[in-house]
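Colleague: Can you keep this structure in mind? I'll have questions shortly.
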Amino acid sequence: MPADRLLVTGGAGFIGANFVHYWTQTHAGDRVVVLDALTYAGNLPSIESLRRLETFRFVQGDIRDTALVCKLMREERINRIVHFAAESHVDRSIHGPDAFIQTNVVGTCNLLQAARDVWGDGKGTPDCRFHHVSTDEVYGTLARDDPAFVESTAYDPSSPYAASKAASDHFVRAYHRTYGLRISISNCSNNYGPYHFPEKLIPLMIVNALSGRELPVYGDGSNVRDWLFVEDHCRAIDQILRMDCVGETYNIGGRAETANLDLVRNLCRLLDETIGASPRLQEHYPDCPAARGSSCAELITFVADRPGHDWRYAIDATKLRKATGFQPGESLVSGLRKTVSWYLQNEAWWRPLLDERYAQWVQQNYKRSERS
Ligand code: NAD
Ligand code: TYD
């Protein structure tokens with residue numbers, strides 16, 4: 001089989017970086033070109049080790065730059081676009097929706113148009129695929145006893161982030177139905193694992209606990225999310241790309257529904273155990289409660305709830321399982337262990353992200369640290 005030539009947008013972000021590591025290890029003969037604007041969420045150190053590979057290329061640029069995208073696609077003879085680039089943090093979307101409209105909606109439409117320009121309409125491009133990486137948040141919220149989201153669940157987004165992803169999904173599908181563009185879409189639950197920017201729940205709790213800072217739990221912590229280890233997400237996308245499934249949508253989930261407060265308590269237990277057993281870590285993280293025999297759980301602080309906070313997400317991934325046999329390889333327990341251990345071993349990756357620029361942004365935008 002001839003090698004594939006991938007354009008991976010957002011490949012310096014959390015899932016994109018994990019995806020290009022996964023892909024270069026599992027499909028060594030393929031060309032992988034990353035296009036990333038390097039916003040606050042994009043980190044070159046996440047993919048630094050790949051830059052020595054001849055098959056790998058990094059290009060800093062914006063998915064809204066049509067000329068650049070078309071040039072790259074022609075120059076590299078791209079036959080697969082795997083589209084991760086997005087503004088991805090719900091809290092940021094509440095404070096400033098514009099960037100979400102620009103990247104998630106305008107940027108995605110721009111990529112679709114570029115793909116159409118380069119690949120042409122209809123059936124002329126048999127090995128091409130535009131895979132759009134989306135989220136379960138497009139479906140809105142569930143009550144305790146509601147059935148899990150299936151692919152035909154009506155879209156009902158709550159946050160500007162979810163609304164912008166929903167809009168982009170609609171455009172991707174419209175380009176297939178109208179112009180025959182060879183697309184597929186996946187809607188995945190919450191990911192966690194290495195290279196996760198420490199503004200999202202799991203990495204934020206880890207780095208705060210290590211420094212003895214508050215662990216802010218929104219509302220009463222009863223909100224439920226389904227968690228998938230990021231490598232499992234990458235494997236699921238690989239399986240979708242391998243299938244002959246143009247025009248299809250697949251839900252991807254971790255079968256790990258957990259209330260936020262339980263998740264944070266589990267993380268605290270893991271940190272207590274790990275730091276409690278290591279004099280070296282106790283010395284390195286003296287402000288962590290576990291370093292003095294207390295529990296990180298004492299840092300848990302209930303703060304004002306996120307406006308429009310979806311109560312529960314749950315994924316029914318039967319369609320993907322039936323089509324490919326896909327099952328998550330990590331349980332939440334094993335995945336969290338790997339994640340905590342990665343953050344303990346990679347402080348050089350996350351420490352610089354807690355810089356002044358980011359702290360300033362938090363200062364200006366997060367008013368929620370007032371106690372509820
Ligand atoms: P992220 O915020 O960590 O990374 C986004 C990347 O996109 C960054 O590297 C950023 O620099 C880049 N980017 C942003 N705007 C750009 C632009 N205009 N042009 C080019 N690059 C740009 O996001 P993530 O968590 O890795 O999510 C990746 C994708 O997966 C997103 O589309 C997100 O909606 C989707 N998703 C995420 C999760 C999750 O739990 N993180 C779950 C389901 C789906
Ligand atoms: P997050 O990681 O932001 O992902 P998403 O909003 O896309 O699900 O948040 C996961 C859950 O954790 C969500 O219910 C909000 C909650 N949360 C907190 O309680 N405290 C926090 O500091 C953050 C960032 C999130």
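The values are calculated or read from the model by the stated rules, or taken from the named source; none is laboratory data. Just so it is clear, the structure is predicted and the values come from calculations on it, not from any experiment. Here the Cβ is made from the backbone with ideal geometry for all residues, glycine too, and neighbour counts use every protein chain on show. What goes into the accessible areas is simple: the full protein's heavy atoms, side chains included, and nothing from ligands, DNA or RNA. Shrake-Rupley method; radii C 1.70, N 1.55, O 1.52, S 1.80 Å.
Colleague: If you count, for each residue, the other Cβ atoms within 10 Å and average over each peptide, how do 138-148, 219-229 line up from highest to lowest? Show your work: numbers first, answer last.
Modeller: Values: 138-148: 15.5, 219-229: 19.9.
Going from most to least packed, we get 219-229, 138-148.
Colleague: Calculate what fraction, in whole %, of the accessible area of the range 91-162 sits on carbon and sulfur atoms when a 1.4 Å probe is rolled over the protein chains.
Modeller: Working: 1550 of 2970 Å².
Roughly 52 percent of what the probe reaches on the range 91-162 is carbon or sulfur.
Colleague: Suppose all protein chains stay in the model; what accessible area per residue would a 1.4 Å probe give for the range 1-124, in Å²?
Modeller: 41 Å²
Colleague: Any idea what angle helix 332-345 forms with the longest principal axis of the chain, computed on alpha-carbon atoms, 0 to 90 degrees, nearest 10?
Modeller: Long axis of 332-345 versus the principal axis of the chain: about 80 degrees.
Colleague: For Cα pairs less than 8 Å apart in space and 6+ apart in sequence, what is the mean separation divided by the residue count of the chain, i.e. the relative contact order in percent?
Modeller: This gives 17 percent for the chain.
Colleague: From the helices alone, meaning DSSP H stretches of at least four residues, give me the mean residue ellipticity at 222 nm for the chain, per-run term -39500 (n - 2.57), in deg cm²/dmol to the nearest 500.
Modeller: Values: 13 runs with 143 residues, N = 372.
So the helix-based figure for the chain works out to -11500 deg cm²/dmol.
Colleague: Let me ask something additional. Angle, helix 14-26 long axis vs. longest principal axis of the chain, Cα atoms, 0 to 90°, nearest 10?
Modeller: 60 degrees
Colleague: OK, next. Mind ranking 97-110, 233-246 by how tightly packed they are, going by the mean number of other C-beta atoms within 10 angstrom, highest first?
Modeller: Answer by packing, highest mean first, reads 97-110, 233-246.
Colleague: Among the lysines, which have Cα under 18 Å from the Cα of Lys165 when same-chain residues fewer than 8 positions away are ignored?
Modeller: List returned: Lys200.
Colleague: Let me ask something else. How do the peptides 202-214, 257-269 rank, highest first, by the average count of neighbouring beta carbon atoms within 10 Å per residue?
Modeller: On the way: 202-214: 20.2, 257-269: 18.5.
For the peptides 202-214, 257-269, the packing ranking is 202-214, 257-269.
Colleague: In terms of modelled amide H atoms, which long-range or inter-chain residues lie less than 5 Å from the amide H of Asn191?
Modeller: For Asn191, whose amide H was placed from the backbone, the distant partners under 5 Å are Leu228.
Colleague: Expressed in nm to one decimal, what extension gain is obtained for the pair Gln102 and Ser49 from 0.36 nm per residue of sequence separation less their Cα-Cα distance?
Modeller: 16.0 nm
Colleague: Something else about it: At 0.890 mPa s and 25 °C, plugging the Kirkwood radius over alpha-carbon pairs of the chain into Stokes-Einstein gives what diffusion coefficient in µm²/s?
Modeller: 115 µm²/s
Colleague: Using Cα atoms only, what is the angle between the long axis of helix 160-179 and the major principal axis of the chain, expressed in degrees (0 to 90) to the nearest 10?
Modeller: 20 degrees
Colleague: As a test of understanding, state the convex hull volume per residue of the range 138-270 from its alpha carbons, in Å³.
Modeller: Numbers: hull volume 17.5 nm³, N = 133.
Hull volume over Cα atoms, normalised by residue count, gives 132 Å³.
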